[in-house]
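The values are calculated or read from the model by the stated rules, or taken from the named source; none is laboratory data. Note that the structure is a prediction, hence the values are computed from the model and not measured. Quick reminder, even Gly has a Cβ in these numbers, built from the backbone with ideal geometry, and neighbours come from all protein chains shown. Areas reflect the complete protein model, heavy atoms only, side chains present, ligands, DNA and RNA absent. Shrake-Rupley method; radii C 1.70, N 1.55, O 1.52, S 1.80 Å.
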Amino acid sequence: MSYMKEGMRTSVEAILLVQEHNHPHILLLQIGNTFCKLPGGRLKPGENEIEGLKRKLCSKLAVNSPSFPPNWQVGECVAVWWRPNFETVMYPYCPPHITKPKECKKLFIVHLTEREYFAVPRNLKLLAVPLFELYDNVQRYGPVISTIPQQLSRFQFNMVSS
């Protein structure tokens with residue numbers, strides 16, 4: 001019903017990169033024992049994508065303390081996915097015969113500082129998953145998350161050893 005009133009849903013999600021054992025990992029939120037998702041969510045109608053993503057990250061991961069103010073550095077959009085119909089399937093393109101897609105999901109790189117503090121909701125777990133685990137693993141992570149390694153392949157990572 002909200003589609004009739006508000007039009008296409010727009011979602012924004014964060015690709016939070018961390019380094020572990022000199023290899024890039026993506027932070028995922030795990031719900032229960034199986035389902036994983038990127039932090040983010042649905043924008044309010046007319047909301048700016050970057051501001052909306054910062055709002056979602058604050059509500060999902062920020063420590064509510066003046067000592068640790070969140071400073072989300074939202075980088076570039078690396079992927080756009082489309083839901084042409086009221087089905088669960090998303091595509092990395094909008095089919096040409098679809099004039100009114102139902103959802104557009106954008107994935108942004110969010111740069112983290114050397115030290116970050118997260119507050120994870122009680123019903124979720126924060127996992128650092130290596131890129132090689134995500135790659136071509138549609139059964140476990142779904143089509144959107146499993147293609148993140150390909151989306152990031154155009155970037156050069158500088159691993160910082162401490």
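Data table
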{"quantity": "Integer Hz, Karplus 6.51/-1.76/1.60 couplings in order for the stretch 73-86, x for Gly and Pro", "calculated": "9, 7, x, 7, 6, 9, 7, 10, 10, 10, 10, x, 10, 7"}
{"quantity": "Sequence-separation-based contact order of the stretch 1-142, relative, with Cα cut under 8 Å and 6+ spacing, percent", "calculated": "33 percent"}
{"quantity": "Amide H within-cut-off set for ALA79, under 5 Å, with H built and near neighbours excluded", "calculated": "LEU107"}
{"quantity": "Estimated D of the chain in µm² per second, where Rh is the Kirkwood radius over Cα pairs and Stokes-Einstein applies at 4 °C, 1.567 mPa s", "calculated": "77 µm²/s"}
{"quantity": "Dipole of the stretch 41-82, positive direction: furthest Cα of GLN73, GLY52, ALA62, with charges on the beta-carbon", "calculated": "ALA62"}
{"quantity": "Out-of-range pairs (alpha-carbon distance over 20 Å; input LYS5/LYS100; LYS54/LYS105; LYS44/LYS100; LYS5/LYS60; LYS44/LYS102; LYS60/LYS106)", "calculated": "LYS5/LYS60"}
{"quantity": "Highest to lowest packing among 123-131, 93-101, scored as the average C-beta count within 10 Å", "calculated": "123-131, 93-101"}
{"quantity": "Of LEU152, LEU16, LEU43, the one that fluctuates the most in a GNM where the chain has Cα springs shorter than 10 Å", "calculated": "LEU152"}
{"quantity": "Accessible surface ranking that places the most exposed of LEU134, LEU17 first, with a 1.4 angstrom probe", "calculated": "LEU17, LEU134"}
{"quantity": "Dipole magnitude of the stretch 47-148 about its Cα centre (Cβ charges: Lys, Arg +1; Asp, Glu -1), debye to nearest 20", "calculated": "340 debye"}
{"quantity": "Inter-probe distance in nm under a simple model that places probes 7 Å from Cα toward Cβ, at CYS58 and ALA119", "calculated": "1.2 nm"}
